[in-house]
Structures are given as structure tokens and as C-alpha cells.
Amino acid sequence: MEKTWWKEAVVYQIYPRSFMDGNGDGIGDLKGITSKLDYLKELGVDVIWLSPVYRSPNDDNGYDISDYCAIMEEFGTMGDFDEMLSGIHKRGMKLVMDLVVNHTSDEHAWFQESRKSRDNPYRDYYIWRKGTNGGPPNNWGSFFSGSAWQYDAPTEMYYLHLFSKKQPDLNWDNPKVRTEVFSMMDWWLRKGIDGFRMDVISLISKKPGLPDGIAPSGAFYADCGCANGPNVHAYLQEMNRKVLSRYDMMTVGECAGVTVEEAKRYASLDGRELNMVFQFEHVGLDDDIHGKWTDRRTDLKALKQTLSRWQTELSGKAWNSLYFGNHDQPRSLSRFGTDHKDYRTACAKMLATCLHMMQGTPYVYQGEELGMTNCPFKSIEDVRDIESLNAYRELTEAGTFSKEEMMRFIRLRGRDNARTPMQWDKTKNAGFTQGKPWIMVNPNYTEINAAAQIKDPDSVFSYYKKLIALRKQMKIIVYGEYELLEADHDTLYVYTRSLNGEKLLVICNFSAQETPYTIPQEFCGGRVLVGNYGREERVQGEILLKPYEALAVLG
Ligand code: ISL
Ligand code: CA
């Protein structure tokens, strides 16, 4: 397999609003990020993926962009950006920017023009339709509740918004839109950034004729069925020809609704489209009839089956991205493991081992390297996320859930769990801000924080450092073939990696129970490469795994 820097890299995601506040207004910003670059260098990550920092009215925390070539006032200036970028490059790291081009903000100049008249030159930059029977053009629902259509009085037509009504969808079938997007991408690449994470890029090509979808029973709205639409690959190939192929850069497509088969096209190793995609299957296993609003837990067998399918199917054909958490997901520790005080350190290390030893490019979401947990939001007043706020209103008004139930689900699955301020130290507001934070700080910051962990060799942070360093030393961790063992075990996740006759065994105990496991013959007497308990250097025969123990053993 061809060796490339983005396959060997570890990516760290920064959610700028919550990372570090440089000026005391309670909101994270670019100067704050620049002040923490040494921390990221210490961790050893190669690439920073920055969630959007462009000008935005913040209906969806920057995923609603009103000017792609300007910086959000709250985050600083273009000068601050340039300083941050050169600070990143000086330290030998790279910067990947979020590219949000399925939609813009309704305050973007293109949309302001588009809504003025039916014959405005920008009209076809967006997706406008007449209503049917006094209602919206079709039955598509928005990912953020309600209809995906908004009536606009000036021209008496509806515009499509798959997300909030302040996020109108761009019309990618219009070549002018593609040209604008490509030249904007070029502008940033010429500035020296190193790649793009492409927001919901799987949704850009809508079904011709925008047909009604099939609403699940009892539901009013249907999924738009726009994932992997008819022209998405053609548009990405065009983007690749015109922009991507001209730079040494990294691309990752956020692909809601992507299947393994589709991913082989998006992230094909022949380099015609993108380098890799974020798939969603493993973060949907705990969904229920009302989507994420449930207290269902992920079944380990299903998780193993899903991740293994992605590992083996893409092997040699496309490239995986590896993640357990991001700014849209609850904290990985609380979700896939436990944040119980007695186990959380061991468990955070176990999850990290499980993920970082797989084939693909691992992503660390800010705070994950400290074992940050979900947040005990008391009431809806503590919640800021538009998705949670809309769902709370809609589902409690419809009587689907009580307010208490909804709050419980938000505490388990809401996106704000990942958006509470980064926990730097045990001083006021976790050292995130001198002012009043825009969202509450998780009260466990006095115990879980970076300052307490950086110098502690047994901390979650130090363990991540070790995993990241190992990946740089050992090609088998990056390129080795994956094979699942013990597929039917309820609480152990065991797999091997192999490359050029070398073999690596990874054993993860996903439970608090001590669990026996017999080391396979070919690994008997094998050297423990890394583990989260002080285990002897060599293992053989039957071993008793401790709660949430993880081990990687060389054959
Ligand atoms: O988090 C979700 C709701 O369950 C996902 O549907 C999410 O909205 C989807 O993964 C797309 O996410 C991306 O685009 C959204 C933005 O709100 C997310 O933060 C972003 O990651 C719209 O731009
Ligand atoms: Ca600030």
C-alpha cells in the first residue's frame, strides 16, 4: 500500500468555541488556540482539524457561514488566524479546516440576493420550490426538527434547509456554485492550510425531482434520502481535478449515510475523490425509533461487527478514519465505556487502545485525551445546542417524552456533552476563561484536567502520548491487516494486525468484570507493547484481564 503522511498522522479536533478563551469574554478564540499549541505538540499529534472559524451568526455554532473568507468576530481577526497557522507550521504540525458547503448561512450575501426575486442572478444558488396544497413542496424533515422547507414571503416560495432554517442548502447542480466553492477552497489553500474536513459532503447532490420520502410510522416527516446522491461522486471528482490534486493536502469527508460500498468510492486509494470519510454506522448503533433520544447503550458485539466490517472491507481499497467522539457526539468515555470514578482512567485508556491500534487515521477529540466525560446538565437552561433545544421542544410538546425524560436523554446523547469547556486546570472555570463561559463547565474539572495529567506518567494524557508515539515507530500499527478474534464474546474486543510476517494482538476488556482470556498460541510469550495496567512484560496461557484492561502484544 502506498505510504502517505495522512495515513500515518494522528488528527486532533479543536472545537474553537470551547477550547481556550484568550480575551476573557467567555468564548474560546484563535489567540487561545495559539497559546495552547505547545500542549498539542507535547501530545504528539500531527494535524489539527479546526471546526469552523468563519464569519457566522452562530445559529449552529459556526456551521452556518455568512462569509467564507472572513473570521468570526468572536474568534478574532485574520491576523490572529495567520499567527495561529504559522505557530502550527513552526511546530511541524498541519492545519485542516472545516469546509461547510452543503449550505451557507441565510445571512450570506448569496442568499440575501437569492431571496430578493425569482430572477435574481443568485436565485439558482439555492433550492427554491413552490408549495403544494398550501404546505411545503415535499415531506422532507430537517435534521434539526420540523420541515426541511421554509416559506419565504418576498417571492412566495420555499427554500430547502436540511439543517436549521438559517442554513439554506446550496444548489450543487448549478455549475456557478461549484466554481465559487472551488475558488474559495483555492483561496484558503494558497494561504497555506493543509486540508479540509468536508461537512455533510455526502448530502450535496439532491435526488432529481426532490421526491417525497417514506416517513417512519407515526412520524410526520421523512428522511430526504439525499445521502450519496446521483452526482456526488462526479462533483467530488471535479473538485479533485480542479483543486485537491494541485496540493499536497489531506481531505476527509463527513459522510452521513455512507455505506462501505459508497466509501470505497469516496475514499478510494486511487485518489480520485477524497482521502477518507467519517462513517456513521458505529455511532448509530445505540439509536432507537426517536433517533438519538433514548437511553439505549451500544451493544459490544454489534460495535465489533460494524467496525470490523469497515476495517476488512476498506483494506487495500480505501482508507478509514477512526473516531469514537467529536463535537456532534456525546463523550466517548461515557458512551462506550464508563465515567464511573473507579474505572474512568483505565477505561479511557482502553478505548484509546482499541481505536488507535486499528487500521486508519485516528482522530482525538479535544478533552478525550484527558478522559473528559458527559456533563450533568441540570435543566434545559444549561443547554445551548440547536439540535437538542429543537428536539426538546418538539418531543415534549408532542407528548412523546416528558421534560425529565428528554433531559435525561440530552445528558446521555446531546451534542453539548462534547462542547463544555476544555478542562485545563483546577482554577476557576477550569482555566478556560477569566469571564463567564458561554456554556457550563463540567463540575468534574477539579479532578479531570490537563495540568494534573501532563506530568503524571500514569495519566490518560501520558497514555495517549505513548499510543501516538508508537504509531510513529511501527508501520504495522498504520498499515497492518486487521482480523477480528472472539467475535461472539460479549465483553472482550480482541483483534490482530499483521504486516510482513509481523503480528500484533490487541485485547480490550469492555467491562468492569475480571475476565479470563487465553492468549493464542502464536502470541505466547509475546512482548507487551502497551497496556493500561502494570502487567508483566511477557504474556502466555490464560490471563485474567482486569476491569477495562487493554493490552497490545507483539507476536
Ligand atoms: O449530530 C447530528 C444529529 O444527530 C448529525 O446529524 C449531524 O448533524 C450530522 O452529522 C452533520 O453534522 C455536521 O453538519 C451539521 C452541524 O450541525 C454539525 O456540527 C456538523 O458536524 C450542519 O452543518
Ligand atoms: Ca474569547
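Just so you know, all these numbers are worked out from the coordinates, no wet-lab data involved. Since the structure is predicted, the reported quantities are computational estimates derived from the model, not experimental observations. Reconstructed Cβ throughout: ideal geometry from the backbone, glycine too, with neighbour counts over all protein chains shown.
Remark: region 229-244, residue by residue, has Karplus-estimated 3J(HN,Hα) of x, x, 10, 4, 6, 4, 5, 6, 5, 5, 4, 5, 4, 7, 10, 4 Hz, where x stands for each Gly or Pro and the curve is 6.51 cos²θ - 1.76 cosθ + 1.60 at θ = phi - 60°.
By the rule of a C-alpha distance below 22 Å, with chain neighbours fewer than 8 residues away ignored, the lysines paired with residue 475 are 3, 7, 41, 94, 317, 349, 465, 466, 503.
Between residue 120 and residue 544, the distance separating the two model label sites (each 7 Å from Cα on the Cα→Cβ line) works out to 7.2 nm. Taking the centroid of alpha carbons for each part, region 69-111 and region 447-468 are 29 Å apart. Helix-only arithmetic for the chain: the sum of -39500 (n - 2.57) across DSSP H runs with n ≥ 4, divided by the residue total, places the mean residue ellipticity at 222 nm at -8000 deg cm²/dmol. Pairs of Cα atoms in region 113-194 fall into 5 Å distance bins, from 0 up to the last occupied one, in shares of 3, 15, 19, 20, 17, 12, 7, 4, 2, 1, 0 percent.
Bridging of residue 36 to aspartates and glutamates at a Cα separation below 15 Å is possible for 21, 46, 80, 83, 369, 425, once same-chain residues fewer than 8 apart are set aside.
Place a point 7 Å from the Cα of residue 3 along the Cα-to-Cβ direction; which residues of region 462-499 have their backbone N under 16 Å from it? So the set is 470-481, 499. Taking the centroid of alpha carbons for each part, region 222-265 and region 343-364 are 27 Å apart. Axis of helix 300-314 versus longest Cα principal axis of the chain: the two differ by about 80°, to the nearest ten degrees. Rg/Rh for region 78-158 (Cα atoms only, Rh after Kirkwood) is 1.20. The distance from the alpha carbon centre of region 4-26 to that of region 163-211 is 23 Å, rounded to a whole number. Here the simple spin-label model places points 7 Å from the Cα toward Cβ, and for residue 133 and residue 380 these points are separated by 3.0 nm. Think of the chain as a dipole: +1 on every Lys or Arg Cβ, -1 on every Asp or Glu Cβ, centred on the Cα centre; then among 519, 315, 44, 44 lies furthest on the positive end.
Based on the reciprocal of the average 1/r between different C-alpha atoms, the Kirkwood radius for the chain equals 24.3 Å.
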